[in-house]
Structures are given as C-alpha cells and as structure tokens.
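Shown next, in structure tokens, is the structure this report addresses.
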Amino acid sequence: MMTSRRKERLVALIVLATLLFTPPLLLVTERLGPGALTLYVFLVWAAVIGLAAWLLEGGRRE
C-alpha cells in the first residue's frame, strides 16, 4: 500500500512533467536548433520515467 508521502511525490512528479511538456516551453526549445526539440522531449521523457521508477521502487524495504 502506498503511503501518503509517496502519493504526494507522485502528484508532484505529474505536475512537473505537465509543466515540462507545455507548448510554450516546447516552442522555446524548438527555436534553439533543428534537433533541440527532439533531444529535449526524449531527455525529459527519460527523466520522468526514471524518477517515477525511483519513487515507486526505491522506497521498498523488505
């Protein structure tokens, strides 16, 4: 069962991911160069997945 602290952290991660994928921020990265948008999207996507895995798996102490 998930603790309330873990739930709060997951909600914060969802809010952070939503902010990082907002159109204004994507437009700013698109202006940096031809491959910047693709690189940004994949790096942020990987970071969100990594943080989610760390939050969900890291707290288990059995």
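No lab work stands behind these numbers, since they all come straight from the coordinates. Values in this document were obtained by computation on a predicted structure and should not be read as measured data. For neighbour counting, all protein chains shown are included, and Cβ atoms are generated from backbone atoms with ideal geometry for every residue, glycine included.
Listing for the model above:
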{"item": "Estimated FRET transfer efficiency when R0 is 25 angstrom, pair LEU27-LEU55 (beta carbons, to 0.05)", "result": "0.30"}
{"item": "Positive-end residue, segment 4-61 charge dipole about Cα centroid, Cβ charges, pick of PHE42, LEU13, PRO23", "result": "LEU13"}
{"item": "Cα-centred dipole magnitude for segment 4-61, charges only on beta-carbon of K, R (+1) and D, E (-1), debye, nearest 20", "result": "380 debye"}
{"item": "The chain: equivalent-ellipsoid semi-axes (sqrt of 5 x gyration tensor eigenvalues, Cα, Å)", "result": "30, 13, 5"}
{"item": "Angle in degrees between helix 36-58 and the longest Cα principal axis of the chain, rounded to the nearest 10", "result": "0 degrees"}
{"item": "Backbone HN-Hα couplings from phi across segment 5-17 [Karplus 6.51/-1.76/1.60, Hz, Gly and Pro as x]", "result": "5, 5, 4, 4, 5, 5, 5, 4, 5, 5, 5, 4, 4"}
{"item": "Relative packing of 24-33, 44-53, which averages over residues the other C-beta atoms within 10 Å, highest first", "result": "44-53, 24-33"}
{"item": "Inter-centroid distance (Cα atoms) of segment 38-56 relative to segment 1-20, Å", "result": "14 Å"}
